[in-house]
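Reviewing the structure listed below.
The values are calculated or read from the model by the stated rules, or taken from the named source; none is laboratory data. Everything numeric here is computed off the predicted structure, so don't read it as measured data. Don't worry about glycine lacking a Cβ; one is built from the backbone with ideal geometry, like all the others, and counts go over all protein chains shown. To get the accessible areas, we keep the full protein, side chains included, count just its heavy atoms, and leave off ligands, DNA and RNA. Shrake-Rupley method; radii C 1.70, N 1.55, O 1.52, S 1.80 Å.
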Amino acid sequence: MKQTNVIQDSSGILGIFGSENAANSAYYGLHAMQHRGQDGVGIAVSNGETVSCIKGLGLLSETISSASLQDLKGSIAIGQVRMATTGDSQLENVQPIMVRAHQGHFAIVTSGMITNAITLRNQLEEEGLIFQGTSDAELIAHLIQIHPGKFVDKIRGVVQMIEGAYNFMIATRDSLYVMRDPYGIHPLSMGKSEQSMIFSSETCSFGILGAHFEREVNPGELLCLCPDKVESIQLVPAHKETTCAMEYVYFSRPDSIVNTQTVHEVRTRCGEALARQEDVQADMVIGVPDTATSAAVAYARVSKMPYEIGLMKNRYIGSTFIRPTKQQRQEGMRVRLNAISSVLKGKRVILVDDSIVKGSTAKRLSVLLKEAGAKEVHLRIASPKISYPCLYGTERTRQEELAAYNYTEEEMCALFQVESIRFLSLEDFKKCIPDTSCLACFNGNYSAKLCDYKKEIKE
C-alpha cells in the first residue's frame, strides 16, 4: 500500500436529540472534548422549521458566548471541536457546514477521513459544483444534494460513493442522522439522559450532560432520529471493529470508554507492562501530563519507585501535537510545560510519555528536565514505536518524518539527549488493548482493504 502524507482529523463531534435547550447541551458536551481540537468550533441547532448555526476559529469559550447561544433555539443540535491541519486554518472548513437547499436546510459535521475525497471533489467540480473549502463535510453536503429521494436514500447513495474511515452527523429541520465509519476506526458512542439522546466521539461528554453511556454506534450503522421514530439501519454489513489504538494512547480523555475499555485502565496496564521490563535504577518516576499520567503512576507502583510531579502543565494551553505547524508546536511547548527544579535537581529520573511521533516533544522535555537539574533522564514510552503513517485520518505525519522510522534507539538517545530509551513492545501492548484494535501505525498492517468496503453496501 502506498504510504503518503494524509490529512489528520481526530476532531470531536457531538449530536443532541430531544433536548429542551440543545444549544447549551451541545456547548457543554463539546467543552468536555476540547482536547480533541482547539482551532475551531461550531454548533448548529434545529427548531422544527429551520437550522441555525454559529461557528468560528479558536477555543469554544472564545468563540461562542452565552448570548449567542440564546439565539440558537431548538431541540436538535450538532457540533464539532476542530483541529486544523497545515494550510487549513480557514473559517470555510470550520464545521458544521450549512446547506440552504430548496428541499430543506441541513447542517453536517464529520470526523475521520474520506480517502477518495480528491477524486470525488474533482468529479463534482468538473460538473460545475463550487466548493468554498476543503472539508469532507462540504463534500458530503454536495453529494447529498445530487442524490434523489428521501434523506435516508440520499445518505445511502453517499455512502455508496465515499471510501475511508469517517463519522458524520446531519441535522435537518426536524431530524438527526448519525453514521459511523464501516470499520469503526473512529469511536462514536450513544448516551441517554432523561430527556435526550446524545452521540459523541467520546463518552466523557455524557457525564457533564447527566447522561449515561448506552452503547457504541456499530460500524457501518446509520441511526435516524425523527419526530415519530428512532430507526437503526445497517448501511454496511457488520465488520470486525478495528478502533484506532491511538485513542487509548493519546487522543481520548482518561475517563472515556473506547470499545468497552476505559482509557485510564488501558493506560494503567501499559504502564504496568512497561515497568515489568525495567532494569534501570532511578530516584523517581514522573509522567508527561496529562496523557501519560495513568501509565506513569502504574509504572512507579510496579517498579517500586516513588512517583513525583516533576512537570507542571499550564491548563490554558492546548495540545502541541495537534498544532498545524512546527513553529506553533515549538512555541506551544515552551509555555505548556515547566519543570520543577526543587523536585528534579540531582535526581535520576524515569520520564514516562505516551508515545513518540516526530520526537520534537521528547527532545524538548529532556532539555527541560536537565535545565532544571536532573542528573539523568531515562525515557520510557508506554506504547510501541510508531513506524508507519496512518491512512485513516487519525494522524498526518509522513513516514519519513517519524522518529522510529528514521532512528535506532541509540540514535534517539543522542537526539533526545537522554541516558536511555525504551518502548513498550508490540506484544505487550496487544495484551493491554482489545484484540480488535487497529495497530497499523505500529506494525504496518492496515485493516483489510478499507477502500473496498463500498462493494458491500446494501442495495
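So, of the residues in segment 164-193 that are under 19 Å from G112 (Cα atoms) and open to solvent by 10 Å² or more (accessible area, probe 1.4 Å), which turns out to be farthest from the chain's Cα centre (by Cα)?
Here the residue is Y177.
Counting residues that are within 29 Å of Q281 (Cβ to Cβ) and touching a helix residue (DSSP H, G or I) at 6+ places or on another chain (Cβ under 7 Å), which helices (runs of 4 or more DSSP H) fully inside segment 368-447 reach at least 3?
409-416, 426-432
Kindly indicate the residue of segment 221-238 that is exposed (fewer than 15 other Cβ atoms within 10 Å of the Cβ) and assigned to a loop (DSSP other than H, G, I, E, B) and also modelled with the lowest pLDDT among those meeting that condition. Write out each step before concluding.
Going residue by residue through segment 221-238, those that are exposed (fewer than 15 other Cβ atoms within 10 Å of the Cβ) are 227-232, 234, 237-238.
Checking the rest, the ones that are also assigned to a loop (DSSP other than H, G, I, E, B) come to 227-228, 237-238.
Details: P227: 93, D228: 91, P237: 81, A238: 72.
Selected residue: A238.
Can you report the number of residues in segment 167-186 which are part of a loop (DSSP other than H, G, I, E, B) and over 22 Å from Y446 (Cβ atoms)? Walk me through it before giving the result.
Step one: filter segment 167-186 for residues part of a loop (DSSP other than H, G, I, E, B), giving 173-175, 180-186.
If we keep only those that are over 22 Å from Y446 (Cβ atoms) as well, we get 173-175.
Residues flagged as part of a loop (DSSP other than H, G, I, E, B) and over 22 Å from Y446 (Cβ atoms) within segment 167-186 amount to 3.
For K455, are the conditions met, namely being farther than 27 Å from R398 by Cβ, assigned to a helix (DSSP H, G or I) and either at pLDDT below 90 or open to solvent by 60 Å² or more (accessible area, probe 1.4 Å) (or both)?
So K455 passes the test.
Does segment 126-135 include one or more residues that are closer than 30 Å to D255 by Cβ and buried (at least 20 other Cβ atoms within 10 Å of the Cβ)?
Yes, because at least one residue in segment 126-135 is closer than 30 Å to D255 by Cβ and buried (at least 20 other Cβ atoms within 10 Å of the Cβ).
Tally time: how many residues in segment 51-68 are more than 23 Å from the chain's Cα centre (by Cα), surrounded by fewer than 24 Cβ atoms within 10 Å (Cβ to Cβ) and of a type in the set (A, V, I, L, M)?
Going through segment 51-68 one residue at a time, the tally reaches 1.
Per-residue answers, yes or no, for (1) out of contact with any Cys (no Cβ under 8 Å at 6 or more places or on another chain); (2) open to solvent by 10 Å² or more (accessible area, probe 1.4 Å); (3) modelled with pLDDT of 95 or more; (4) of a type outside the set (G, A, S):
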| residue | (1), (2), (3), (4) |
| --- | --- |
| N24 | yes, yes, yes, yes |
| E49 | yes, yes, no, yes |
| G87 | yes, yes, no, no |
| H102 | yes, yes, no, yes |
| I108 | yes, no, yes, yes |
| S111 | yes, no, no, no |
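Please pick out the residue among L365, L391, L379, L402 that is aliphatic (A, V, I, L, M), modelled with pLDDT under 90 and either farther than 21 Å from C270 by Cβ or surrounded by 21 or more Cβ atoms within 10 Å (Cβ to Cβ) (or both).
Working: L365 fails: modelled with pLDDT under 90; L379 fails: modelled with pLDDT under 90; L402 fails: modelled with pLDDT under 90.
After ruling out the rest, the residue left standing is L391.
Can you name the number of the only condition in (1) in contact (Cβ under 8 Å) with a residue 60 or more places away in the chain; (2) farther than 24 Å from K304 by Cβ; (3) of a type in the set (A, V, I, L, M, F, W, C); (4) in contact with a Leu (Cβ under 6 Å, 6 or more places away or on another chain) that L424 fails?
The number of the failed condition is (2).
Answer with yes or no whether E419 is at pLDDT 90 or above and either among the small types (G, A, S) or closer than 21 Å to E278 by Cβ (or both).
yes
Any idea which of C432, C413 is at pLDDT 95 or above, closer than 30 Å to P306 by Cβ and in contact with a strand residue (DSSP E or B) (Cβ under 6 Å, 6 or more places away or on another chain)?
C413
Which ones in segment 194-220 are in a loop (DSSP other than H, G, I, E, B), open to solvent by 30 Å² or more (accessible area, probe 1.4 Å) and farther than 23 Å from S437 by Cα?
E194, Q195, L209, G210
Kindly indicate whether T119 is under 22 Å from the mean Cα position of the chain (by Cα), farther than 30 Å from P254 by Cβ and open to solvent by 50 Å² or more (accessible area, probe 1.4 Å).
It is false that T119 is under 22 Å from the mean Cα position of the chain (by Cα), farther than 30 Å from P254 by Cβ and open to solvent by 50 Å² or more (accessible area, probe 1.4 Å).
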